[in-house]
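*Asks:* This is the structure I want to talk about, given as C-alpha cells.
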Amino acid sequence: MFSIFNKSTNFTINDIPDLQGKIAIVTGANTGIGFIVAQELARKNAHVFLACRNQTKSEKAIDEIKQATGNDKVEYLPLDLSSLKSVLKATELFLDRKLPLHILSFTLTEDGIQDQFGTNHIGHFFFTIKLLPTIEASAPSRIVNLTSMAHKISPKCGIDFENINNPIAYTSLSRYSQSKLANILFSLELNKRLTDKEVYVNSVHPGLVKTELFRNLKDSMGLMAKPINLIVGLFMTPVEEGAVTSLYCATSPEIIEKNLRGKYFVPLGKLSKPGKLGTDEKLALKLWEYSEELIKEKLNS
C-alpha cells in the first residue's frame with residue numbers, strides 16, 4: 001500500500017471512499033496504470049471488471065488483485081478495443097448481467113500506441129455509447145478518459161479526418177497525438193450531452209509514467225529511440241503515481257461536490273486546461289458525427 005501526497009487536492013489513494021455496492025469497468029487493467037486503478041477500486045470493495053484483450057495476463061492480474069485486496073469480486077471481461085465486433089460482444093456480455101455501472105475508467109491499452117485512432121478513440125467511443133444507458137441509470141456515475149499532454153502536438157487542423165486511415169500521412173507519434181486529442185474532444189461533447197444527468201465525464205493526463213507506451217517509439221524515431229527512451233526514463237514517475245489522477249476522478253467526493261465535469265486533469269488531480277484544440281466544440285461535434293458514421297459503416301460492411 002502506498003500514499004502519494006497531492007499538492008493540488010491533498011488526495012491520496014488512501015482517500016478513496018468505501019465503494020461497497022459500486023460496479024466498475026477498467027480497460028487495459030492487466031498492467032500499468034489500469035492494474036493499479038483496478039486494484040485500488042477493488043481494495044475499497046468495488047466489484048471490478050478488468051476489460052482486456054489478453055485473457056491469460058488478465059487472469060494473472062485478477063489473482064494478484066484478489067490476493068492483495070481480499071476482494072473476490074474481480075472479473076475478466078474480454079475486450080479488444082481495436083475490434084468493433086469485440087466491443088459489441090463485451091457490452092452484450094456485461095449488459096446481460098443486468099448490473100449497474102458506476103465507474104468506467106479507460107487507461108492505456110497494453111500495446112501502447114498501436115492502432116492509435118481505432119483503439120484509443122473509436123473503440124472507447126463505441127464501448128461508452130453502448131454502456132451509456134446503464135451508466136445513466138446508475139447515476140451518480142463517472143467516466144474517466146485517459147488522454148495525454150501529447151494532444152498538444154496534434155496537427156494544426158486538430159484531427160485530419162481525410163487521412164485517418166492513411167498509414168504514411170503521419171508519424172506514429174503524430175497519429176497518437178491525434179487519438180489523444182480525440183479522447184479530450186469526446187469527453188467534451190459527451191459531457192455537453194449529459195449536462196442534465198449525474199454522469200461526471202472527465203479527461204486525465206496521468207503524467208510521464210513508466211508504462212509500455214514508449215516501446216513503439218522506434219516506429220517513428222528509428223535509431224534515436226533508444227537514447228530518447230533513456231533520457232525520458234529519467235523523468236518518468238512510478239505507475240502507482242500515474243494512477244492517482246484517474247482514481248481521483250473516479251472516486252473522490254469532490255468531483256460531485258464541486259460539479260467537476262467536462263474537465264481536464266493533470267498530476268496529481270490538478271484541474272488544468274487542455275491545449276486550444278481540446279476546447280474546440282465544433283471540432284468535438286465533428287468528431288462525434290464522424291465516429292458515429294464510421295462505426296455504422298464498419299458494422300454494416
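Nothing in this text is a laboratory measurement; each read-out follows from the coordinates by a stated rule. These figures come from a predicted structure and were not determined experimentally. Cβ placement follows ideal geometry from the backbone for every residue including glycine, while neighbour counts extend to all protein chains displayed.
*Asks:* Antiparallel DSSP bridges in the chain: what percent, to the nearest 5?
*Replies:* Around 10 percent of the beta bridges assigned by DSSP in the chain are antiparallel ones.
*Asks:* Now for a different question. What is the distance in Å between the Cα centroid of the stretch 235-280 and that of the stretch 26-105?
*Replies:* That distance is 21 Å.
*Asks:* Turning to a different aspect of this structure: Under 10 Å, Cα contacts only: if you run a Gaussian network model on the chain, which one of Cys52, Cys249, Cys157 comes out with the highest mean-square fluctuation?
*Replies:* Most flexible of the set in this elastic network: Cys157.
*Asks:* Rounded to the nearest 500, what is the chain's calculated 222 nm mean residue ellipticity when only DSSP H runs of at least 4 contribute -39500 (n - 2.57) each, over all residues?
*Replies:* -12500 deg cm²/dmol
*Asks:* Could you tell me which of rounded, prolate or oblate describes the stretch 22-105, using a ≥ b ≥ c as the square roots of the eigenvalues of the alpha-carbon gyration tensor, with rounded for a/c under 1.5 and, failing that, prolate when a/b is larger than b/c and oblate otherwise?
*Replies:* Values: a/c = 1.91, a/b = 1.31, b/c = 1.46.
Judged from the Cα gyration tensor, the stretch 22-105 comes out oblate (a/c at least 1.5, b/c at or above a/b).
*Asks:* A further question follows. GNM, the chain, Cα, under 10 Å: largest mean-square fluctuation among Leu194, Leu104, Leu77?
*Replies:* Evaluated over the chain, the most mobile residue of the options is Leu194.
*Asks:* If packing is taken as the average count of other Cβ atoms within 10 Å, what order do 44-51, 294-301, 168-175 fall into, highest mean first?
*Replies:* Order by mean packing, descending: 44-51, 168-175, 294-301.
*Asks:* Can you tally the net charge around Cys157? Count Lys and Arg as +1, Asp and Glu as -1, for every other residue whose Cβ sits under 11 Å from the Cβ of Cys157. Walk me through the intermediate numbers first.
*Replies:* Details: positive: Lys156, Lys286; negative: Asp160, Glu162, Asp280.
It works out to a net charge of -1.
*Asks:* Net charge within 15 Å of Pro253 by Cβ-Cβ distance, Lys/Arg positive one each and Asp/Glu negative one each, not counting Pro253 itself?
*Replies:* Working: positive: Lys22, Lys44, Arg142, Lys258, Arg261; negative: Asp15, Asp18, Glu198, Glu254, Glu257.
Local charge sum for Pro253: 0.
*Asks:* Let me ask something else about it. Under 14 Å from the Cα of Lys258, which aspartates and glutamates turn up, not counting those fewer than eight places away in the same chain?
*Replies:* Of all the aspartates and glutamates, those that pass the test against Lys258 - Cα under 14 Å, at least 8 places apart if same chain - are Glu198.
*Asks:* Can you give the FRET efficiency to the nearest 0.05 for Lys270 and Asn300, using r as the Cβ-Cβ distance and R₀ = 35 Å?
*Replies:* Efficiency for this residue pair is about 0.20.
*Asks:* Using the crude model of +1 on Lys and Arg Cβ and -1 on Asp and Glu Cβ, and no other charge, please compute the dipole size for the stretch 13-300 relative to its Cα centre, in debye to 20.
*Replies:* With only Lys, Arg, Asp and Glu charged at Cβ, the dipole is about 380 debye.
*Asks:* A 19 angstrom limit on the alpha carbon distance is what I want to check against. Which of Lys22/Lys273; Lys180/Lys263; Lys197/Lys270; Lys156/Lys296; Lys57/Lys130 exceed it?
*Replies:* The answer is Lys22/Lys273; Lys197/Lys270; Lys156/Lys296; Lys57/Lys130.
*Asks:* Now for a separate question. If you work out Rg and Dmax of the Cα atoms in Å from the coordinates, which of [x] 27.8, 101; [y] 20.3, 69; [z] 17.9, 51 do you get?
*Replies:* Only one option fits the structure, namely [z].
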